[in-house]
1. Relative to the Cα centre, what is the charge dipole magnitude of the chain, using +1 at the beta carbon of each Lys and Arg, -1 at the beta carbon of each Asp and Glu, and rounding to the nearest 20 debye?
2. Net charge near HIS52: determine it from the other residues with C-beta under 13 Å of the C-beta of HIS52, scoring Lys and Arg +1 and Asp and Glu -1.
3. Specify whether the C-alpha gyration tensor of the chain places it in the rounded, prolate or oblate class, a ≥ b ≥ c being the square roots of the eigenvalues: rounded for a/c under 1.5, otherwise prolate if a/b is larger than b/c and oblate if not.
4. Counting other Cβ atoms within 10 Å, which trypsin sites (Lys or Arg not before Pro) in the stretch 1-43 have at most 11 and lie in a DSSP loop?
5. For TYR101, what residues show an amide H to amide H distance below 5 Å, using hydrogens built from the backbone and excluding near sequence neighbours?
6. Can you check what the net charge comes to around ASN145, using other residues whose Cβ is under 11 Å from the Cβ of ASN145 (Lys, Arg +1; Asp, Glu -1)?
7. ILE8 to GLN220: extension gain in nm, 0.36 nm per residue of separation minus the Cα-Cα distance?
8. Under the classification rounded if a/c is under 1.5, otherwise prolate if a/b is larger than b/c and oblate if not, where does the stretch 177-244 fall, given a ≥ b ≥ c as square roots of the Cα gyration tensor eigenvalues?
Amino acid sequence: VVYENSTIASKSVAKEIADLIRVKQAQKQPCILGLATGSSPKGLYSELVRLHKEEGLSFKNVVSFNLDEYYPMEPDSINSYVRFMKEQLFNHVDILTENYYIPNGKLSKEDIADYCSNYEAKIEALGGIDLQILGIGGNGHIGFNESGSLQNSKTRLVALDHVTRVAASNDFSGLEKTPRTAITLGVKKIMEAKRVILMAWGEGKSHIIKASTEGPVTSQVPASFLQEHNNATFVLDQSSASKL
Ligand code: GLP
């Protein structure tokens, strides 16, 4: 779906999420959201905060699982995704602190594998992700599932691509200080989500949006796997859609 601009697009995605949260509330069910970081979902989160403050949207029945976190990463560090999520969303709505999960960037190496299978088990115990929000990396990564990630890949520690590290290096004041690894939800759990919304804005994403939606389904472009999802939508602005 192509919108005139990212503000209108973000509001439309926020409305879908708000409607889902309310439906689940009426059914006395938890609403399981998969959440993303990066610049793309910022407008979505600010609109959700507005809906909470001005229209009484409650997040008390929301349980959320973030896609990824750099490793190693201290949760209160300026670049942590924990900090990002608190600043963009969690600190401004009534979600319960025990109800949001973000991969832990300060585990010891030997604990990561167990931690990742527990992360997936928690999602499964709740019946899976109702709605997964995604951004997309310039190389087609979703979460931190870089090129080469398999469609059945699990939640795991991954090595970040050079291009991903270069893209992040401004935030970390230089490539040398940019993490080399991250923990990411695997492609399999993303594909199992009942609904997937990938958001992308700007000319810079137009090439990878074309490759993901019109190119072959390939692990070289992990977002292309979404062509095989039965309820996935790419939400775009005019610039990111300009090569379609
Ligand atoms: C990081 C995140 C991804 C995100 C991507 C794109 O790599 N791990 O989940 O989709 O950045 O970020 P942006 O939305 O800032 O372009």
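Rule-based calculations on the coordinates, nothing more; no lab input. Keep in mind it's a predicted model, so treat the numbers as computed, not measured. Note: ideal-geometry Cβ built from the backbone for every residue, glycine included; neighbour counts use all protein chains shown.
1. 220
2. 0
3. rounded
4. Taking the stretch 1-43 and a limit of 11 other Cβ atoms within 10 Å, the loop trypsin sites (Lys or Arg not before Pro) found are LYS28.
5. Amide H neighbours of TYR101, under 5 Å, 5+ apart: SER64, PHE65, ASN66.
6. Here the charged neighbours net out to +1.
7. 73.2 nm
8. oblate
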